[in-house]
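S.K.: The structure that follows is given in the form of C-alpha coordinates.
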Amino acid sequence: MASPLKITVSQEQGQVPVTVFHLVGDIDNSSYEELQAQAKSAYQAGSHYLLLDLTKVKYMSSAGLRALHNIFDLLNAGASEETQKKMKRGILDGSYKSPYLKLLNPSRDVKRTLSTSGFDMFLEIHTNAKAAVNSFN
Amino acid sequence: MPLSTSLSLTATKKDLIEVRQFIEETGDKFGLDPELIARVRLAIDEAAANVLEHGYQNRPGMLEVVLKQEKADLVGQISDKAFSFDPTLAPPPDLSVPAPLRSPGGMGLTLIRQALDEMRYEKPLTGGNCLIMVWRNVFHSSNAAG
(Lines give C-alpha, C1' and ligand atoms only; values in the text may rest on other atoms or scores of the structure.)
Protein backbone atom coordinates (compact mmCIF):
# COMPACT_ATOMS: atom_id res chain seq x y z
CA MET A 1 0.00 0.00 0.00
CA ALA A 2 1.24 3.48 -0.88
CA SER A 3 2.69 5.34 2.12
CA PRO A 4 4.56 8.59 2.81
CA LEU A 5 8.36 8.53 3.15
CA LYS A 6 10.02 8.45 6.56
CA ILE A 7 13.79 8.59 7.00
CA THR A 8 15.77 7.55 10.06
CA VAL A 9 19.54 7.84 10.20
CA SER A 10 22.14 5.67 11.90
CA GLN A 11 25.93 5.69 11.96
CA GLU A 12 27.80 2.42 11.39
CA GLN A 13 31.49 1.70 11.62
CA GLY A 14 33.03 -0.47 8.92
CA GLN A 15 36.45 0.17 7.37
CA VAL A 16 35.27 3.80 7.38
CA PRO A 17 32.35 5.53 9.15
CA VAL A 18 29.17 4.97 7.13
CA THR A 19 25.91 6.91 7.41
CA VAL A 20 22.88 4.71 6.83
CA PHE A 21 19.51 6.15 5.79
CA HIS A 22 16.71 3.74 6.66
CA LEU A 23 13.89 4.65 4.29
CA VAL A 24 10.29 3.58 4.86
CA GLY A 25 7.54 4.41 2.35
CA ASP A 26 7.50 5.76 -1.19
CA ILE A 27 10.12 7.93 -2.90
CA ASP A 28 8.05 10.06 -5.25
CA ASN A 29 7.68 13.57 -6.58
CA SER A 30 6.53 14.85 -3.18
CA SER A 31 9.25 13.19 -1.05
CA TYR A 32 12.47 13.12 -3.09
CA GLU A 33 13.47 16.64 -2.01
CA GLU A 34 13.35 15.57 1.64
CA LEU A 35 15.75 12.71 0.84
CA GLN A 36 18.10 15.14 -0.95
CA ALA A 37 17.90 17.63 1.93
CA GLN A 38 18.75 14.98 4.53
CA ALA A 39 21.68 13.78 2.42
CA LYS A 40 22.93 17.35 2.12
CA SER A 41 22.67 17.85 5.90
CA ALA A 42 24.56 14.61 6.52
CA TYR A 43 27.27 15.59 4.02
CA GLN A 44 27.65 19.03 5.58
CA ALA A 45 27.93 17.36 9.00
CA GLY A 46 30.86 15.31 7.72
CA SER A 47 29.32 12.14 6.22
CA HIS A 48 31.10 11.04 3.07
CA TYR A 49 29.88 7.45 2.80
CA LEU A 50 26.13 6.91 2.49
CA LEU A 51 24.19 3.67 2.39
CA LEU A 52 20.51 3.92 1.48
CA ASP A 53 18.57 1.05 3.03
CA LEU A 54 15.64 0.55 0.62
CA THR A 55 14.31 -2.60 2.30
CA LYS A 56 11.02 -0.87 3.18
CA VAL A 57 10.63 1.21 0.03
CA LYS A 58 7.89 -0.29 -2.10
CA TYR A 59 7.78 2.39 -4.74
CA MET A 60 10.29 4.73 -6.33
CA SER A 61 9.50 6.99 -9.27
CA SER A 62 11.83 8.93 -11.56
CA ALA A 63 11.87 11.60 -8.84
CA GLY A 64 13.78 9.07 -6.72
CA LEU A 65 16.29 8.66 -9.54
CA ARG A 66 16.68 12.44 -9.61
CA ALA A 67 17.44 12.37 -5.87
CA LEU A 68 19.98 9.54 -6.28
CA HIS A 69 21.69 11.44 -9.09
CA ASN A 70 21.87 14.66 -7.07
CA ILE A 71 23.19 12.81 -3.99
CA PHE A 72 25.76 11.04 -6.19
CA ASP A 73 26.91 14.44 -7.51
CA LEU A 74 26.98 15.91 -3.98
CA LEU A 75 29.18 13.13 -2.61
CA ASN A 76 31.56 13.46 -5.58
CA ALA A 77 31.77 17.24 -5.35
CA GLY A 78 34.92 17.21 -3.21
CA ALA A 79 36.90 14.88 -5.48
CA SER A 80 40.05 16.19 -7.15
CA GLU A 81 40.10 16.96 -10.87
CA GLU A 82 42.21 13.86 -11.49
CA THR A 83 39.75 11.66 -9.58
CA GLN A 84 36.84 13.19 -11.51
CA LYS A 85 38.59 12.42 -14.82
CA LYS A 86 39.25 8.84 -13.73
CA MET A 87 35.63 8.50 -12.65
CA LYS A 88 34.39 9.76 -16.00
CA ARG A 89 36.60 7.26 -17.85
CA GLY A 90 35.25 4.49 -15.62
CA ILE A 91 31.65 5.55 -16.20
CA LEU A 92 32.20 5.54 -19.97
CA ASP A 93 33.79 2.09 -20.02
CA GLY A 94 31.23 0.71 -17.53
CA SER A 95 33.73 -0.16 -14.81
CA TYR A 96 32.88 2.62 -12.31
CA LYS A 97 30.86 2.05 -9.13
CA SER A 98 30.44 4.89 -6.66
CA PRO A 99 32.65 4.41 -3.57
CA TYR A 100 30.47 6.92 -1.66
CA LEU A 101 26.84 5.99 -2.38
CA LYS A 102 25.46 2.43 -2.25
CA LEU A 103 22.03 0.82 -2.05
CA LEU A 104 20.72 -1.95 0.17
CA ASN A 105 17.85 -4.32 -0.66
CA PRO A 106 15.80 -2.58 -3.32
CA SER A 107 12.53 -4.36 -4.12
CA ARG A 108 11.95 -6.01 -7.49
CA ASP A 109 10.01 -2.96 -8.72
CA VAL A 110 12.64 -0.49 -7.51
CA LYS A 111 15.37 -2.63 -9.09
CA ARG A 112 13.52 -2.51 -12.40
CA THR A 113 13.40 1.30 -12.23
CA LEU A 114 17.14 1.39 -11.45
CA SER A 115 18.02 -0.90 -14.35
CA THR A 116 15.70 0.79 -16.88
CA SER A 117 17.48 4.06 -16.19
CA GLY A 118 21.00 2.60 -16.05
CA PHE A 119 21.51 3.52 -12.38
CA ASP A 120 22.50 -0.05 -11.50
CA MET A 121 25.58 0.48 -13.69
CA PHE A 122 27.22 2.91 -11.25
CA LEU A 123 25.55 2.22 -7.89
CA GLU A 124 26.40 -0.98 -6.03
CA ILE A 125 23.38 -2.94 -4.86
CA HIS A 126 23.84 -5.02 -1.70
CA THR A 127 21.57 -7.55 -0.03
CA ASN A 128 23.41 -7.84 3.31
CA ALA A 129 23.60 -4.81 5.60
CA LYS A 130 26.87 -5.74 7.32
CA ALA A 131 28.60 -6.60 4.05
CA ALA A 132 27.31 -3.36 2.56
CA VAL A 133 28.77 -1.26 5.42
CA ASN A 134 32.09 -3.12 5.22
CA SER A 135 32.33 -2.62 1.46
CA PHE A 136 33.02 1.12 1.90
CA ASN A 137 36.75 1.86 2.17
CA MET B 1 -20.29 -5.46 -17.77
CA PRO B 2 -16.85 -3.98 -18.51
CA LEU B 3 -15.04 -2.74 -15.43
CA SER B 4 -14.56 0.99 -14.95
CA THR B 5 -13.66 3.27 -12.07
CA SER B 6 -12.41 6.82 -11.66
CA LEU B 7 -10.80 9.23 -9.22
CA SER B 8 -11.26 12.97 -9.51
CA LEU B 9 -9.52 15.47 -7.28
CA THR B 10 -8.02 18.93 -7.05
CA ALA B 11 -4.46 17.80 -6.62
CA THR B 12 -0.99 18.87 -5.68
CA LYS B 13 2.00 16.52 -5.64
CA LYS B 14 1.15 15.57 -2.05
CA ASP B 15 -1.90 13.82 -3.50
CA LEU B 16 0.14 11.44 -5.69
CA ILE B 17 -0.04 8.96 -2.84
CA GLU B 18 -3.85 8.96 -3.15
CA VAL B 19 -3.53 8.37 -6.89
CA ARG B 20 -1.26 5.37 -6.27
CA GLN B 21 -3.61 4.00 -3.60
CA PHE B 22 -6.45 4.30 -6.11
CA ILE B 23 -4.43 2.32 -8.70
CA GLU B 24 -3.50 -0.38 -6.18
CA GLU B 25 -7.08 -0.77 -4.90
CA THR B 26 -8.53 -0.77 -8.42
CA GLY B 27 -5.94 -3.27 -9.59
CA ASP B 28 -6.94 -5.62 -6.77
CA LYS B 29 -10.64 -5.08 -7.53
CA PHE B 30 -10.07 -5.84 -11.22
CA GLY B 31 -8.11 -8.97 -10.26
CA LEU B 32 -4.92 -7.79 -11.97
CA ASP B 33 -1.55 -9.45 -11.53
CA PRO B 34 0.62 -7.60 -8.92
CA GLU B 35 3.42 -7.14 -11.46
CA LEU B 36 0.97 -5.45 -13.85
CA ILE B 37 -0.43 -3.28 -11.02
CA ALA B 38 3.14 -2.11 -10.34
CA ARG B 39 3.58 -1.09 -14.00
CA VAL B 40 0.23 0.72 -14.11
CA ARG B 41 1.05 2.49 -10.83
CA LEU B 42 4.41 3.64 -12.19
CA ALA B 43 3.02 4.90 -15.51
CA ILE B 44 0.09 6.77 -14.00
CA ASP B 45 2.07 8.21 -11.08
CA GLU B 46 4.74 9.51 -13.47
CA ALA B 47 2.17 11.00 -15.85
CA ALA B 48 0.24 12.61 -12.98
CA ALA B 49 3.47 13.98 -11.49
CA ASN B 50 4.32 15.60 -14.85
CA VAL B 51 0.90 17.26 -14.97
CA LEU B 52 1.19 18.58 -11.41
CA GLU B 53 4.81 19.75 -11.69
CA HIS B 54 4.94 21.08 -15.24
CA GLY B 55 1.30 21.57 -16.26
CA TYR B 56 0.05 23.18 -13.06
CA GLN B 57 3.51 24.46 -11.96
CA ASN B 58 2.95 22.93 -8.48
CA ARG B 59 -0.29 24.83 -7.94
CA PRO B 60 -3.48 22.82 -7.17
CA GLY B 61 -5.30 21.66 -10.30
CA MET B 62 -7.98 19.28 -11.50
CA LEU B 63 -6.85 15.74 -12.14
CA GLU B 64 -9.04 12.84 -13.19
CA VAL B 65 -7.79 9.27 -13.43
CA VAL B 66 -9.92 6.61 -15.08
CA LEU B 67 -9.12 2.89 -15.22
CA LYS B 68 -11.35 0.76 -17.38
CA GLN B 69 -11.64 -2.47 -19.27
CA GLU B 70 -11.97 -2.33 -23.04
CA LYS B 71 -12.48 -5.91 -24.23
CA ALA B 72 -9.25 -7.66 -23.18
CA ASP B 73 -7.30 -4.43 -22.66
CA LEU B 74 -6.83 -2.25 -19.60
CA VAL B 75 -7.05 1.46 -20.41
CA GLY B 76 -5.90 4.29 -18.14
CA GLN B 77 -6.85 7.90 -18.82
CA ILE B 78 -5.44 10.97 -17.14
CA SER B 79 -7.26 14.23 -17.77
CA ASP B 80 -6.31 17.71 -16.62
CA LYS B 81 -7.07 21.38 -17.30
CA ALA B 82 -3.46 22.51 -17.60
CA PHE B 83 -2.03 24.16 -20.72
CA SER B 84 -1.87 21.89 -23.73
CA PHE B 85 1.10 19.58 -23.87
CA ASP B 86 1.46 16.33 -25.78
CA PRO B 87 3.95 14.13 -23.87
CA THR B 88 3.97 11.51 -26.65
CA LEU B 89 5.95 14.00 -28.76
CA ALA B 90 8.57 14.70 -26.08
CA PRO B 91 12.02 13.46 -27.16
CA PRO B 92 13.44 10.68 -24.99
CA PRO B 93 16.76 11.26 -23.18
CA ASP B 94 19.87 9.99 -24.96
CA LEU B 95 20.29 6.65 -23.19
CA SER B 96 23.57 6.03 -25.01
CA VAL B 97 25.06 8.54 -22.54
CA PRO B 98 25.64 6.81 -19.15
CA ALA B 99 23.20 8.01 -16.48
CA PRO B 100 25.71 9.88 -14.25
CA LEU B 101 26.85 11.95 -17.24
CA ARG B 102 23.30 13.02 -18.15
CA SER B 103 21.51 15.90 -16.41
CA PRO B 104 19.60 14.73 -13.32
CA GLY B 105 15.91 14.05 -14.03
CA GLY B 106 14.11 13.54 -17.31
CA MET B 107 13.56 9.78 -16.91
CA GLY B 108 9.80 9.92 -16.25
CA LEU B 109 8.62 9.47 -19.82
CA THR B 110 11.17 6.70 -20.41
CA LEU B 111 9.78 4.81 -17.41
CA ILE B 112 6.21 5.40 -18.65
CA ARG B 113 7.00 4.12 -22.15
CA GLN B 114 8.62 0.97 -20.75
CA ALA B 115 5.69 0.28 -18.42
CA LEU B 116 2.87 0.14 -20.99
CA ASP B 117 1.97 -1.13 -24.44
CA GLU B 118 0.57 2.02 -26.05
CA MET B 119 0.25 5.71 -25.20
CA ARG B 120 -1.98 8.22 -27.01
CA TYR B 121 -2.72 11.87 -26.50
CA GLU B 122 -6.03 13.62 -27.07
CA LYS B 123 -6.74 17.32 -26.79
CA PRO B 124 -10.29 17.77 -25.46
CA LEU B 125 -12.40 20.48 -27.15
CA THR B 126 -13.03 21.95 -23.68
CA GLY B 127 -9.28 22.46 -23.14
CA GLY B 128 -6.67 20.69 -21.06
CA ASN B 129 -5.18 17.32 -21.90
CA CYS B 130 -6.09 13.66 -21.94
CA LEU B 131 -3.38 11.00 -21.93
CA ILE B 132 -4.52 7.48 -22.75
CA MET B 133 -2.46 4.47 -21.73
CA VAL B 134 -3.13 0.92 -22.87
CA TRP B 135 -2.07 -2.46 -21.51
CA ARG B 136 -3.00 -5.19 -23.99
CA ASN B 137 -4.59 -8.58 -23.31
CA VAL B 138 -4.88 -8.08 -19.58
CA PHE B 139 -8.30 -9.65 -19.10
CA HIS B 140 -9.02 -13.29 -19.78
CA SER B 141 -11.64 -14.04 -22.44
CA SER B 142 -14.26 -15.12 -19.86
CA ASN B 143 -14.06 -11.64 -18.35
CA ALA B 144 -13.59 -9.64 -21.57
CA ALA B 145 -17.16 -8.49 -22.06
CA GLY B 146 -16.48 -4.86 -22.93
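The values are calculated or read from the model by the stated rules, or taken from the named source; none is laboratory data. Please read these numbers as outputs of a predicted model, since none were measured by experiment. Quick reminder, even Gly has a Cβ in these numbers, built from the backbone with ideal geometry, and neighbours come from all protein chains shown.
S.K.: Would you confirm whether or not the range A:67-81 contains a residue that is closer than 18 Å to A:E12 by Cα, buried (at least 18 other Cβ atoms within 10 Å of the Cβ) and within 13 Å of chain B (Cβ to nearest Cβ)?
M.R.: Checking the range A:67-81: at least one residue is closer than 18 Å to A:E12 by Cα, buried (at least 18 other Cβ atoms within 10 Å of the Cβ) and within 13 Å of chain B (Cβ to nearest Cβ).
S.K.: Can I ask one more? Among what's in the range B:77-110 and is closer than 17 Å to B:M133 by Cα and assigned to a loop (DSSP other than H, G, I, E, B), pick the residue that is farthest from the other protein chains (Cβ to nearest Cβ).
M.R.: Among those that are closer than 17 Å to B:M133 by Cα and assigned to a loop (DSSP other than H, G, I, E, B), it is B:D86.
S.K.: What is the residue count in the range A:96-125 for residues that are over 20 Å from A:Y59 (Cβ atoms), of a type outside the set (A, V, I, L, M, F, W, C) and within 12 Å of the chain's Cα centre (by Cα)?
M.R.: 6
S.K.: Run A:S30 past the list (1) more than 14 Å from chain B (Cβ to nearest Cβ); (2) assigned to a loop (DSSP other than H, G, I, E, B) and report the number of the one that doesn't hold.
M.R.: Status for A:S30: all satisfied but (1).
S.K.: Please work out if A:T55 is more than 12 Å from chain B (Cβ to nearest Cβ), out of contact with any His (no Cβ under 6 Å at 6 or more places or on another chain), among the hydroxyl-bearing types (S, T, Y) and touching a residue at least 24 places away in the same chain (Cβ under 8 Å).
M.R.: Answer is yes for this residue.
S.K.: Only one residue in A:V24, A:V18 is touching a residue at least 60 places away in the same chain (Cβ under 8 Å) and either within 17 Å of A:S107 (Cα to Cα) or not in a loop (DSSP other than H, G, I, E, B) (or both), so which one is that?
M.R.: From the options A:V24, A:V18, the qualifying one is A:V18.
S.K.: Criterion first (of a type outside the set (D, E, K, R) and at pLDDT below 95) does B:L67 satisfy it?
M.R.: When the stated conditions are applied, B:L67 does not pass them.
S.K.: Being surrounded by 13 or more Cβ atoms within 10 Å (Cβ to Cβ), touching a Cys at 6+ places or on another chain (Cβ under 8 Å) and part of a strand (DSSP E or B), is that true of even one residue in the range B:66-76?
M.R.: No; the residues of the range B:66-76 include none that is surrounded by 13 or more Cβ atoms within 10 Å (Cβ to Cβ), touching a Cys at 6+ places or on another chain (Cβ under 8 Å) and part of a strand (DSSP E or B).
S.K.: For the range A:10-54, which positions are under 29 Å from B:E46 (Cα atoms) and exposed (fewer than 15 other Cβ atoms within 10 Å of the Cβ)?
M.R.: A:E33, A:A37, A:K40, A:S41
S.K.: Still on this structure: Can we say B:P100 is out of contact with any Lys or Arg (no Cβ under 7 Å at 6 or more places or on another chain), without any contact (Cβ under 8 Å) to a residue 24 or more places away in the chain and loosely packed, with under 13 Cβ neighbours inside 10 Å?
M.R.: Considered against the rule, which asks whether it is out of contact with any Lys or Arg (no Cβ under 7 Å at 6 or more places or on another chain), without any contact (Cβ under 8 Å) to a residue 24 or more places away in the chain and loosely packed, with under 13 Cβ neighbours inside 10 Å, B:P100 comes out as no.
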